């Protein structure tokens, strides 16, 4: 398929480097809610590069070998910066929670494959957020999820023991 066909048919099978207004808003809302409104103390990061260079994830057809970059991720125990370094460009410790937010041009199948890869890497819980539907799917394992939308009062992640008001996730 040509790139033009994929763009015109919302079928980018990979990372979409061009976010959107709603995607960006949801990303910041989720980060803030996880960091400041959850009872659980979490280290929350956005766009963190996760080092996957030691893993073979080719079966997921993600087109990456070195890193995965979730929209939002959270750790119960924050990764440590080694003595003598000021920062980490890539983190080898996998997060406990990963959140992927579907952009308007992205193929949902790509994000589902990415979620499956995260579980193989040891991530405990994955959320797939679909801003155009005001929907969040909380995965506890591949193909096992609960859906929450604006008819729900809260998003509940039983694995992470997190709950938050769904309306605040999609608030403008």
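A short reminder: the numbers here are calculations on the coordinates, not readings from a lab. Model, not experiment: these values are computed from the prediction. Counting neighbours? That spans all protein chains shown, and the Cβs are built from the backbone with ideal geometry, glycine included.
Here are the numbers for the structure shown:
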quantity	calculated
The chain - share of DSSP beta bridges that are antiparallel (%, nearest 5)	75
Segments 104-112, 69-77 sorted - mean Cβ within 10 Å per residue, highest first	69-77, 104-112
Peptides ranked, highest mean first, by Cβ atoms within 10 Å: ranges 36-42, 139-145	139-145, 36-42
Mean Cβ count within 10 Å, highest first, over the residues of peptides 81-90, 55-64, 19-28	19-28, 55-64, 81-90
